[in-house]
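Derivation of every value follows stated rules applied to the coordinates shown; laboratory data play no part. The shown structure was predicted, so the numbers you read here are calculated from the model rather than taken from an experiment. Counting neighbours? That spans all protein chains shown, and the Cβs are built from the backbone with ideal geometry, glycine included.
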Amino acid sequence: MKIAIIGAGFGGMAAAWDLRKAGHEVTIFESADYVGGLASGFKEPNWNWSVEKFYHHWFQTDQPMLDLIHELGWGDQVLFPRPLTVMYHNGKFYPFDSILKALLFPGLGFGLDKIRFGFVGLFLRLTNNWKALEKGTADSWMMKWAGKNVYEKMWKPLLIGKFGPYYQDVNMAWMWARIKARTTRLGTFRGGFQRFADMFAEKLRESGVEIRLKTRVRFIKRVPDKGLLVDANQIESYDKILITVSPNLMAKMCPDLPEDYLQGLLSLKSMGAVVMVLSLKQQLSEQGYYWFNLPKEEGYPFLALVEHTNFVSPENFGGDHIVYAGDYLEEGHEYFSMSDNELLERFMPAFKKFNPAFDEDWIKKVWVFKTNYAQPVPLVNHSKNIPSIETPIDGLYFASMSQVYPWDRGTNFAVEIGRRAARLMLRSN
Ligand SMILES: Cc1cc2nc3c(=O)[nH]c(=O)nc-3n(C[C@H](O)[C@H](O)[C@H](O)COP(=O)(O)OP(=O)(O)OC[C@H]3O[C@@H](n4cnc5c(N)ncnc54)[C@H](O)[C@@H]3O)c2cc1C
């Protein structure tokens, strides 16, 4: 078969790998001039490693990704350090990434709330019945079972941070999956995710996959007797096509999809993200903390501060210290239209809260990355609203972050859904 894949993110590349191995002719169309999609990175001349534009790490439970890396022969390139995640309480930060640390966290006191927190955590780790949990919201479930105090201190800030105005609409299965899959050790690829993406693209090319960068697909249509047509600079015909872009872009690319499938795509909700990356002359968190969870009501102008070089060594970045300040935001939020300088002015006062000695002089360089498709919002009974991978157009397939469920989206699940889509494409061969 002659197959086109739209998007050279990890989903598209994983699908291409399996389809090519099965002997098909595969072409990937990618609008950017690089591979890796949302997990791509960049590099300064004095850095040996790249830095992801949006903070990225893996969990030890990310089996589809780890399996793929082993299959590609790069298992020795994966590192799993144990960086420190901390939680805010009364102006201070406390380690919060294991059961023991959670039990010692003073934010919940040491009475009934701590016990409820522990039992709810244990129940969610042990149960597999997410289908029952998706029938209600995380807001109401947590309020009922963890109690108002625990919910408001621990879980509500997380939901508000990730889902903003939708925080009361997100279903409890999302929260279950998030708690279930987390590990204290976090993973990365030696050299950064971009190195991994580039190596993967190279391997695909060697195996015969054609990757066309800087090639934006405008339309896809099925025309009787001509097959599936891809319009990207020129019009070409394919037997099967897999699309890995956002549901919104998919709807624009394929306006001939039947109305109910199109409506299904357009009714899916998601959040965007704005992330500032700074290279600093000095370490920001002297305690060596990696990930700071920040409650918005305490006036922080962003949701998370992540000191990447407290996860991987600053030696990989010529001694620079890399810090992310990021937030998930709804479309139209003012951060999307602010200039990099305006954002820096807004964010800078907060850096002193992580280290009172912080000074503007520490900043070597600043980058800002924005995307309007960063985090799907799973509403109640989401499993019934997920668009099928096999679309109603014969030979046309769709695999995006919005179909990853109940697990929270990530490169691991991009690989999983990409490979699942490839299996479906092969089965109906
Ligand atoms: C802030 C943030 C933090 C994250 N943190 C993590 C993390 O810690 N760990 C983790 O594993 N994952 C994380 N993720 C999620 C992860 O990046 C994604 O789940 C994954 O990269 C999605 O891969 P994909 O292939 O499905 O889509 P994408 O990576 O979005 O790939 C789609 C590709 O399609 C291309 N494209 C779009 N339109 C067209 C067109 N018209 N023609 C041709 N090509 C087109 C795009 O340029 C893109 O390259 C994070 C994401 C964000 C935004």
- Using only Cα atoms, what is the ratio of the radius of gyration of the chain to 2.2 N^0.38 Å? 1.00
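Set the Förster radius R0 to 56 Å, insert the Cβ-Cβ distance between F219 and L112 as r into 1/(1 + (r/R0)^6), and round the FRET efficiency to 0.05.
Result of the calculation: an efficiency of 0.40.
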- Going through segment 311-409, which trypsin sites (Lys or Arg not before Pro) have at most 14 other Cβ atoms within 10 Å and a DSSP loop state? K352
- Query: Which helices of the chain meet both criteria: a Cα extent of 20 Å or more along the helical axis and a mean Kyte-Doolittle score no lower than 0.5, with helices taken as whole DSSP H segments?
  - Reply: 112-126
- Task: Return the whole-Å distance between the Cα centroid of segment 175-209 and the Cα centroid of segment 74-145.
- Result: 25 Å
- Task: Let me have the 222 nm mean residue ellipticity of the chain computed from DSSP H runs of 4+ only, each contributing -39500 (n - 2.57), with the sum over all residues rounded to the nearest 500.
- Result: -9000 deg cm²/dmol
- Message: Using the Kirkwood formula on the Cα atoms of segment 303-429, what hydrodynamic radius do you get, in angstrom to one decimal?
- Response: 18.4 Å
- Relative exposure of L262, L242, L104, judged by other C-beta atoms within 10 Å (fewest first): L104, L262, L242
- Which one of F351, F119, I389 is farthest out on the positive end of the charge dipole of the chain, using unit charges on Cβ (Lys, Arg +1; Asp, Glu -1) and the Cα centre as origin? F119
- Message: Tell me whether segment 191-278 comes out rounded, prolate or oblate; compute the Cα gyration tensor, take square roots of the eigenvalues as a ≥ b ≥ c, and use a/c under 1.5 as the rounded threshold.
- Response: oblate
- Note on the structure: The rounded separation in angstrom of the Cα centers of segment 210-227 and segment 238-254 is 9 Å
- Note on the structure: trypsin sites (Lys or Arg not before Pro) in segment 164-256 lying in a DSSP loop, each with at most 16 other Cβ atoms within 10 Å of its Cβ, come to R182, R185, R190, K214, R216, R218, K226
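Rounded to the nearest 5, what % of the DSSP beta bridges within the chain are antiparallel ones?
Of those bridges, close to 70 percent are antiparallel.
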- Taking +1 at the Cβ of each Lys and Arg and -1 at the Cβ of each Asp and Glu, which of P95, L280, Q263 sits farthest along the dipole of the chain towards its positive end, judged by Cα position relative to the Cα centre? P95
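Between R182 and F336, what is the FRET efficiency for a Förster distance of 22 Å, r being their Cβ-Cβ separation, to the nearest 0.05?
Values: r = 29 Å, r/R0 = 1.33.
Result of the calculation: an efficiency of 0.15.
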- Neighbour-count order for H308, H321, H89, fewest beta carbons within 10 angstrom listed first: H89, H321, H308
- Report the extension gain between M199 and N381 in nm, rounded to one decimal, defined as 0.36 nm multiplied by the number of residues separating them, less their alpha carbon distance. 61.6 nm
